[in-house]
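Q: Below is the structure I would like to discuss, written out as structure tokens.
The values are calculated or read from the model by the stated rules, or taken from the named source; none is laboratory data. Treat the numbers as computed from the prediction; the structure is a model and nothing was measured. All Cβ positions, glycine included, derive from the backbone under ideal geometry; neighbour counts span all protein chains shown. For the accessible areas, the whole protein counts, side chains as well, though only heavy atoms, and no ligand, DNA or RNA atoms are used. Shrake-Rupley method; radii C 1.70, N 1.55, O 1.52, S 1.80 Å.
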Amino acid sequence: MGQASFAEYRPVALSEPLRQGDVLERVAADASPWDRHLLVITADCDLAHDKHQGRVTCVPLLTKDEYLLELQVPKLQEQATAKLLRVLAQALEALGAPAISDARLREWPREQDTEQILLALNVPAEKHDLIGGLLNGVRILGGSAPDLQVATAGLISAQRLLPNPQTEKNLLAQIVSRFQSAFKQPAGDALFLSAIADGHDHGYFAYLRHLEQIWEPQVTLGPSRSEVQYRRISRLRENFTHVIAQRFALVYMSIGLPDSYEEMRNLHAELLGDGLE
């Protein structure tokens, strides 16, 4: 994909200190999607006055495919699995089979072959295709996929095993529509960035619910002979940095604490007075 007429990042000079919005790239070849590219979230004032005690807080910058595979596909798999389990439970009930929990119906296809399960349930031969297909669908959706294409194919093939299934074309269109919504109407804990540095313009999501902390001495701001784990490759433009910092704050501000915590906190406060009398 060619570079767009604008970019969310800007080059950063070697003389500029590490600051919020800096994009870091892991040097090691064995980097995972969660630490390959990181965005510095630590506030500028903390970095400038060494309030961070050398620890730099970052969020991952996932490629668009990684974001969809890790955070959107599981939702679609869960919805499709629920449909399969509902039909499967109804079919087994109609055969007079013992009641089996959804949790068990999820696990069983991963533990045994379909033929073994059909035999254990005494499913008549004329129902093998229906119930066997549903079990296979649950198995497909319960597995991991190496990439987005394989995951999409699995979602389609599993749902094609339902009675009176939709066409592959319609199922694909629905999946693509859900993926597109992640770009056009992103969740509050993510922000799409078309590019994060020169040569990194294939689309990324800053994901704000996953935190990584690294030591500042592990980051190099330019060419270095010392052993480091990350190198700075760019800095997001100010408006994008501010938006991400604001969303980051809102994500964690919105998390409530359980009533049991508040009750225990109040109890400790009340007992404090007894000890001072």
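Q: Please list, in order, the residues from the stretch 52-68 whose amide nitrogen is less than 14 Å from a point placed 7 Å along the Cα→Cβ vector of Tyr252.
A: Output list for this probe position: 52-53, 55-60.
Q: Using 0.36 nm times the number of residues separating Cys45 and Gln79, minus their current alpha carbon distance, what extension gain do you get? The partial results should precede the final answer.
A: Values: separation 34, 0.36 × 34 = 12.24 nm, distance 4.44 nm.
Contour length minus the Cα-Cα distance gives 7.8 nm.
Q: For the chain, take the longest principal axis of its alpha carbons; what is the angle in degrees between that and the long axis of helix 102-111, to the nearest 10 within 0 to 90?
A: Between helix and principal axis, roughly 90 degrees.
Q: Stretch Gln174-Asp30 to full length: gain in nm at 0.36 nm per residue minus the Cα-Cα span? All intermediate terms of the calculation are to be shown ahead of the outcome.
A: Details: separation 144, 0.36 × 144 = 51.84 nm, distance 3.46 nm.
Roughly 48.4 nm would be gained on extension.
Q: Measure nothing fancy, just the Cα-based angle from helix 148-159's long axis to the longest principal axis of the chain, in degrees from 0 to 90, nearest 10.
A: Computed tilt is about 30 degrees.
Q: OK, next. Count the lysine pairs in the chain that are 8 or more places apart or on different chains: how many have C-alpha atoms under 18 angstrom apart? Present the calculation step by step, with values, prior to reporting the outcome.
A: Details: Lys64/Lys75; Lys64/Lys184; Lys75/Lys83; Lys75/Lys184.
Value for the chain: 4.
Q: Starting from the Cα of Arg231, step 7 Å along the direction of its Cβ; do the same at Val243; then give the gap between the two resulting points in nm.
A: Label-label distance for Arg231 and Val243, simple model: 2.9 nm.
Q: Just want to confirm a number: the relative contact order over the chain, from Cα pairs under 8 angstrom separated by 6+ residues, in percent.
A: Values: 360 pairs, mean separation 83.5, N = 277.
Averaging sequence separation for qualifying contacts and normalising by length gives 30 percent for the chain.
Q: Sort out the exposed loop trypsin sites (Lys or Arg not before Pro) in the chain (DSSP loop, at most 13 other Cβ within 10 Å) and tell me the longest stretch that has none. Write down the numbers at each step before the final one.
A: Numbers: sites that count: Lys51, Arg225.
Longest run free of exposed loop sites: 52-224.
Q: What FRET efficiency do you get for Thr167 and Ala99 if R0 is 41 Å and r is their Cβ-Cβ distance, rounded to the nearest 0.05?
A: Working: r = 33 Å, r/R0 = 0.82.
It comes out at approximately 0.75.
Q: How far apart, in nm, are the 7 Å Cα→Cβ label points at Phe192 and Arg110?
A: The modelled label-to-label distance comes out at 3.2 nm.
Q: Still on this model: Charges on Cβ only, +1 for Lys and Arg, -1 for Asp and Glu, centred on the Cα centroid of the chain; of Leu24, Val40, Asn136, which one is farthest towards the dipole's positive end?
A: Asn136
Q: Consider the candidate values (1) 19.4; (2) 23.1; (3) 20.4; state which one is mean projected area of the Cα convex hull in nm² computed from the structure displayed.
A: (2)
Q: Output the relative contact order of the stretch 157-277, whole-number percent, from Cα pairs under 8 angstrom with separation of 6+ residues. Walk me through the intermediate numbers first.
A: Working: 70 pairs, mean separation 19.6, N = 121.
Once normalised by length, the contact order is 16 percent.
Q: Still on this structure: Kindly report the accessible area of the stretch 6-110 per residue (heavy atoms of protein chains, probe 1.4 Å, no ligands, DNA or RNA), in Å².
A: Values: 5040 Å² over 105 residues.
Counting only protein heavy atoms, the per-residue value for the stretch 6-110 is 48 Å².
Q: For the stretch 100-173, calculate the relative contact order in percent as a whole number, restricting contacts to Cα pairs under 8 Å that are 6 or more residues apart.
A: 27
Q: Placing unit charges on C-beta atoms (Lys and Arg positive, Asp and Glu negative, everything else neutral), compute the dipole magnitude of the chain about its Cα centre in debye, rounded to 20. Don't skip to the end; give the middle numbers.
A: Working: 27 positive and 36 negative charges, 197 e Å.
The calculated dipole for the chain is roughly 940 debye.
Q: Tell me, what % of the accessible area of the chain is carbon and sulfur with a 1.4 angstrom probe?
A: Working: 8360 of 15950 Å².
Using a 1.4 Å probe with all protein chains present, the chain comes out at 52 percent carbon and sulfur.
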